[in-house]
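The values are calculated or read from the model by the stated rules, or taken from the named source; none is laboratory data. Predicted model only: the values in this text are computed from it and were never measured. Because the Cβ atoms are built from the backbone with ideal geometry, glycine has one as well, and the counts that use them run over all protein chains shown.
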């Protein structure tokens with residue numbers, strides 16, 4: 001049985017496109033007031049207008065969560081505006097693939113800063129507020145959803161540092177889950193396979209061509225498919241915690 005999110009507040013990082021954008025729409029549909037966080041204010045403004053047209057309360061926050069102060073400020077702005085924080089979707093991430101040999105090290109730095117440190121900063125700043133929400137009405141439970149990847153389970157040639165970051169997300173999430181689960185903060189890991197988003201477009205041209213060939217004959221998932229799963233995870237009754245969800249396209253083998 002699902003439980004709507006009326007009376008609660010959600011924050012989504014990486015909300016300007018893809019999974020983050022679709023998840024913000026889903027959480028608003030479930031009744032949450034939503035704080036949308038990303039670097040591209042113009043995209044956020046368009047999303048906010050869309051949500052507000054459907055009756056949602058939305059806060060737009062232009063922020064780069066790889067900056068600890070900016071991540072913390074995004075959390076505090078949300079709590080100041082809405083008075084609480086019940087659900088956090090740590091979705092911001094980048095996927096920069098290619099061989100380790102002769103790799104541009106700045107790509108590694110960008111992935112570690114975004115996929116690991118941005119997620120850590122967001123989680124750390126949000127945790128006191130999530131613990132507070134979990135001890136109060138209306139739901140007496142709170143959710144931190146970490147958006148990882150199938151790359152957090154399966155190491156692949158050409159994906160070494162991306163694999164490293166996503167394996168790290170899984171380890172962090174499980175340790176934190178054990179730390180706070182008895183206080184009714186649910187920490188959930190969502191691991192998508194191939195999704196038709198902008199993520200692959202950040203790669204160098206030769207890597208984009210390799211990815212295009214790899215997925216040419218595969219029907220990839222849509223961002224809304226992942227948002228639907230996240231919506232399911234955070235609307236479970238207080239007694240139910242969905243710890244981990246691996247979700248692949250039907251045609252994806254590995």
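Miscellaneous remarks
- Close pairs from segment 168-188: first on the phi > 0 side of the Ramachandran plot, partner surrounded by 13 or more Cβ atoms within 10 Å (Cβ to Cβ) and in a helix (DSSP H, G or I), Cβ under 6 Å, at least 6 apart: 184/134
- Failed item, numbered, when residue 99 is tested on (1) farther than 18 Å from residue 25 by Cβ; (2) part of a loop (DSSP other than H, G, I, E, B); (3) at pLDDT 95 or above; (4) out of contact with any strand residue (DSSP E or B) (no Cβ under 6 Å at 6 or more places or on another chain): (3)
- Enumeration of residues in segment 204-229 that are more than 19 Å from residue 94 (Cα to Cα) and either in contact with a helix residue (DSSP H, G or I) (Cβ under 6 Å, 6 or more places away or on another chain) or in a loop (DSSP other than H, G, I, E, B) (or both): 216, 217, 218, 219
- Among the residues of segment 45-90, the ones that are over 22 Å from residue 188 (Cα atoms) and not in a helix (DSSP H, G or I) come to 13 in all.
- The condition (being within 23 Å of residue 246 (Cα to Cα) and outside any helix (DSSP H, G or I)) is satisfied by just one residue among 154, 116: 154.
- Restricting 206, 198 to those that are at pLDDT below 80 and over 22 Å from residue 155 (Cβ atoms) reduces the list to 198.
- Pairs, first at positive phi and at pLDDT 95 or above in segment 44-59, second surrounded by 13 or more Cβ atoms within 10 Å (Cβ to Cβ) and not in a strand (DSSP E or B), C-beta under 9 Å, six or more apart: 55/28
- Set 40, 84: member being in contact with a strand residue (DSSP E or B) (Cβ under 9 Å, 6 or more places away or on another chain) and surrounded by fewer than 15 Cβ atoms within 10 Å (Cβ to Cβ): 40
- Residues that are in contact (Cβ under 8 Å) with a residue 60 or more places away in the chain, farther than 29 Å from residue 97 by Cβ and touching a strand residue (DSSP E or B) at 6+ places or on another chain (Cβ under 7 Å) within segment 127-160 comprise 133, 141, 143, listed in sequence order.
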